[in-house]
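Peer 1: Got a structure for you, written out below as structure tokens; questions coming shortly.
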Amino acid sequence: MIAELGLAALWLSAALAVLQMVSGALGLKIGDQRLAAFAAYARPAAVVQAFLAVLSFGMLLWAFAITDLSIKLVATNSHSMKPFIYKLTGTWGNHEGSMLLWVAVLALSGGLLAGLERRLKERTMNATLAVQGFVALGFYAFLLLSSNPFERLPVPAFEGSGLNPLLQDIGLAIHPPTLYIGYVGLSVAFSLAMGALITKQVTPDFAKVMRPWVLFAWVFLTLGITAGSYWAYYELGWGGWWFWDPVENASLMPWLAATALLHSVSVLAARDALRTWTIMLGVLAFSMSMLGTFLVRSGVLTSVHAFAVDPERGTFILVLLGLYIGGSLAIFAVRAGSIAEGKRFSATSREGALVFNNVMLSAILAIVLLGTLYPLLTEAFDVRVSVGPPYFNPAGAIFAIPMFIVMAIGPLLRWKSDKPVRIKLELIILALIVVGAIVLIAVLGDYPVLPVLGLALAAALGVAAFLPLRGRKISRTPLATWGMITAHFGVAVSLFGMATESAFTQERLAAVAPGSTEELAGWTVTLDGVDPVAGPNWTAIEARLSASRGGEEATLLNPQARNFWAPSQATSESALITRWDGQLYAVIGDTAGLDADGNQRWQLRIWWKPFVTFIWYGGLLISLGGILAIIGRVRVDLRRRKAVQLGNERRADKALLDQAATPPRAEPEPV
Amino acid sequence: MALVVFALIAIVAAGLLAAWTLRNQANYFYLPEQMTASPPAVGQAVRLGGMVQPGSIATLPDGVTVNFTVTGNTESTVPVRYSGILPDLFVEGSGVVAEGSLGPDGVFLATNLLAKHDENYVPRELEGLEGHQAADYAADTTVGIE
């Protein structure tokens, strides 16, 4: 019953998406009253659809929770002996389930938009809902026609085949849902942009409606990427936090586009400039999240993280991708000419700085995109290449460095036009910090160029983030400004973590017999012993390490090399000690022969990664900044709405009073 | 208008830069026979893919450095040295992709090994090789039985 209910709900949602699309589109006809009346159905259709799609996902969740082995998806991806939490998270640890989550989030955000948003002009809203319905319909078709999550097995399976052990981790509970909410939140920004474009309403009011959605999607993307990076860092046991892997790039590209969009939509809201540019970025951001879905889901690129891949479905997504991107670009081409140019501004103004960084972000996006797709391109000519850090790091840095410099200065400039001389003092301070930091590190030792530049820029950015507060009353600074400060400071913190991690990480790899000791970066690590251990669906060898630094009490570390038996696979579980100034990261490997005394040796790999945690703290700060900005904007908006309402009531009251006080005057008497 | 020109210039610059760096920095993939026929420059980052020759894995006395030989579709072989924890499914007679560079002595110094990381995953570069390998393996193991 569960599966049938879920499937029925999904079909009904698809039907409602059609209704939403058609009635939204009919709402655009002004001339015909009867047709325009249909528009009334668009909003309820979106709301009910959201309810049904979420219900459908809930049904799948339920099937996984009780391990209903008569459903094919459950049988192929779950196992009755799996810990309960991983049974639940396993719902989206596979292709069909994750696409259903995608669609459920899409419908939910469409429903929220339809249910809550009252500021937009009704026509623009209709167009927006029509586009949203169209986007959703494509994905319903994809799910229902090519990847039905509720397919039954003719004979229920006796036992499930289990979930990839790398995915049996709490990271799976957090990473995909946050990332999907981010991806899909951008679809609302896309629909709004298309709606505004179709009805020629690219105005600051429209930007104010769009801004919270962009912020919302962007906060979740940031959180998703941060969580994913930390997950890969401790789960894969390689000690790296970013691999420039296609799947990682797939999440970075929408983030870059969304970051650019976020800033340009703010310019549009505040200054009525950058109209077409904002629309273009709205299209770009959603295209990138579609492309990301395509890259991850189609299996055209192999990757260390792509778990649920299927080449045939790739074609379907590619068609959808072409349809949406092509369609939106076509509308853009037709309509862009009719959007009047926004307000003018000079190059040295806050808008100028924002535009510069928008372009830099787009350039980095282009670098990442080309690097990600290049192996596909060369494969067509039968040359197999892989593109990695030696390409991405320097090529990205060429655009990232000017971007960070402008990011430090931009918020200090005034809108419209400004003279750099006005902020001479701040510029000198920042320049001194950068030069000072570079000189200091150069004196200390010989390090690669990029990390040194990164450190210097991080220091300058950290200070620059707080400079906009200069000359402001702290208590009267708007919350949105605090959001900007927090997010920019988060970028500095993150950059600092990345730079120190790449410049100062120390590593030790050795074959160690129990009882012997290794020294690394002031830490003393002793291997006390190695034992076999077992979990609910795995067995492992576990090392007992005691690590201490500077004469303190030893901390125990238990890295494991695990063997899962459903499916059969080996993974290594790293063990970490987190301190304020970094992390000690230990991995146990295989046996490594006997030492001189005939004791069994084990491979042991230890890293000391100074300030590596700052990378993720920075990510959290950036998200917090976004959340502060949303709260600040929404609060101001609600207050304004209330003020307007109060004003209207007062005016209405006054009109009534006036009416009551003075009897209706007759015609002015002729003189 | 100036804005559009600036944006276009920056994006085109990014594209050109990307194309140029990609030509220099893309990690080219070599099969053992390609590497013996036209070896890459010493120190250039490349990938070497093939099968781990049965019986060739030897761990050095330090316990963490491993020497082994990679074979391809022909008789040519490339010796590889790797220091580190071996991937879980790194076994003799199975596919491997080694990232690293060729040393001056003709030994390929691997900085990272990508092995099959579960039963269903084959490094993309090795997809064509697997059949050949299976045939070889079958031939090898059935010789004695007949």
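Peer 1: Give me the net charge of A:Asn648's neighbourhood, meaning all other residues with Cβ under 13 Å from the Cβ of A:Asn648; Lys, Arg count +1, Asp, Glu -1.
Peer 2: Details: positive: A:Arg640, A:Arg641, A:Lys642, A:Arg650, A:Arg651, A:Lys654; negative: A:Glu649, A:Asp653.
Local charge sum for A:Asn648: +4.
Peer 1: What does the structure give for A:583-593 when I average, per residue, the other chain Cβ atoms found within 10 Å of the residue Cβ? It would help to have the intermediate numbers written out before the result.
Peer 2: On the way: counts 0, 0, 0, 0, 2, 1, 6, 7, 2, 9, 5.
Per-residue shielding by partner chains comes out at 3.
Peer 1: Taking a point 7 angstrom from the Cα of A:Ala8 along the C-beta vector, which residues in the stretch A:45-76 have backbone N less than 13 Å away?
Peer 2: Answer for this model: A:56.
Peer 1: Are there trypsin sites (Lys or Arg not before Pro) in the stretch A:361-450 that DSSP marks as loop and that have at most 14 other Cβ atoms within 10 Å, and which are they?
Peer 2: Sites meeting the loop and neighbour criteria: A:Arg414.
Peer 1: A further question on this structure: Could you give the length gained by full extension between A:Lys121 and A:Leu425, i.e. 0.36 nm per residue of separation minus their alpha carbon distance, to one decimal place? The partial results should precede the final answer.
Peer 2: Working: separation 304, 0.36 × 304 = 109.44 nm, distance 4.60 nm.
Result for the pair: 104.8 nm of gain on full extension.
Peer 1: Each label point is 7 Å from the Cα along the Cα-to-Cβ direction; what then is the distance between the points at A:Trp580 and A:Met1, in nm?
Peer 2: 5.8
Peer 1: Using alpha-carbon positions, what is the distance between the centroids of the stretch A:49-80 and the stretch A:524-598, in Å?
Peer 2: 36
Peer 1: Along the positive direction of the dipole of chain A (beta-carbon charges: Lys, Arg +1; Asp, Glu -1; about the Cα centre), which of A:Trp607, A:Leu620, A:Gly97 reaches farthest?
Peer 2: Comparing the listed Cα positions along the dipole, A:Leu620 ranks first.
Peer 1: Given a Förster distance of 45 Å, report the FRET efficiency between A:Asp595 and A:Glu151 from their Cβ-Cβ distance, rounded to the nearest 0.05. Don't skip to the answer; put the middle values down first.
Peer 2: Values: r = 55 Å, r/R0 = 1.23.
The computed FRET efficiency comes out at 0.20.
Peer 1: Filter A:Lys121/A:Lys642; A:Lys29/A:Lys642; A:Lys208/A:Lys473; A:Lys343/A:Lys473 down to the pairs with a C-alpha to C-alpha distance above 24 Å, please. List each step's numbers first, then the result.
Peer 2: Working: A:Lys121/A:Lys642 19 Å; A:Lys29/A:Lys642 32 Å; A:Lys208/A:Lys473 26 Å; A:Lys343/A:Lys473 29 Å.
Where the Cα-Cα span goes over 24 Å, the pairs concerned are A:Lys29/A:Lys642; A:Lys208/A:Lys473; A:Lys343/A:Lys473.
Peer 1: Then there's this: Cut-off is 10 Å between beta-carbons; in what order do A:Lys473, A:Lys82, A:Lys419, A:Lys121 appear when sorted fewest neighbours first? Don't jump to the answer; show the numbers that get you there.
Peer 2: On the way: A:Lys473 7, A:Lys82 22, A:Lys419 11, A:Lys121 16.
Ranking A:Lys473, A:Lys82, A:Lys419, A:Lys121 by Cβ neighbours within 10 Å, fewest first, gives A:Lys473, A:Lys419, A:Lys121, A:Lys82.
Peer 1: Can you give the extra length, in nm with one decimal, that the chain gains between A:Trp415 and A:Val533 once fully stretched, where that is 0.36 nm per residue apart less the Cα-Cα distance? Could you put the intermediate results ahead of the total?
Peer 2: On the way: separation 118, 0.36 × 118 = 42.48 nm, distance 6.33 nm.
The span from A:Trp415 to A:Val533 would gain 36.1 nm if fully extended.
Peer 1: Now for a separate question. If packing is taken as the average count of other Cβ atoms within 10 Å, what order do A:502-509, A:249-256 fall into, highest mean first?
Peer 2: Numbers: A:502-509: 16.9, A:249-256: 25.0.
Top of the packing list down: A:249-256, A:502-509.
Peer 1: Further, regarding this structure: Residues in the stretch A:370-412 near a label at B:Ile11, defined as backbone nitrogen under 19 Å from the 7 Å Cα→Cβ point?
Peer 2: The answer is A:370-374, A:396, A:399-400, A:403, whose backbone nitrogens lie closer than 19 Å to the label point.
Peer 1: Using alpha carbons only, how many angstrom separate the centre of the stretch A:216-265 from the centre of the stretch A:490-512?
Peer 2: Distance between centres, Cα-based: 18 Å.
Peer 1: What FRET efficiency do you get for A:Ile401 and A:Val334 if R0 is 41 Å and r is their Cβ-Cβ distance, rounded to the nearest 0.05? Walk me through the numbers before you get to the answer.
Peer 2: Numbers: r = 38 Å, r/R0 = 0.94.
With R0 = 41 Å, the Cβ-Cβ based efficiency is 0.60.
Peer 1: Now for a different question. Computed FRET efficiency, Cβ-Cβ of B:Ala41 and B:Asp62, R0 25 Å: what is it to the nearest 0.05?
Peer 2: On the way: r = 29 Å, r/R0 = 1.14.
About 0.30, to the nearest 0.05.
Peer 1: Right, something else. How many Cβ atoms of partner chains, on average, are near each residue of A:616-625 if near means within 10 Å of its Cβ?
Peer 2: Details: counts 0, 0, 0, 0, 0, 0, 0, 0, 0, 0.
Counting other chains' Cβ atoms within 10 Å and averaging over A:616-625 gives 0.
Peer 1: With label points built 7 Å along Cα→Cβ from the Cα atoms of A:Ser80 and A:Ala15, find their separation and express it in nm.
Peer 2: 3.7
The numbers here are math on the coordinates, done by the rules we state, and not lab data. What you see is a predicted model; the values in this text were computed from it and never measured. A quick note on method: Cβ atoms are made from the backbone with ideal geometry, for glycine too, and the neighbour counts reach across all protein chains shown.
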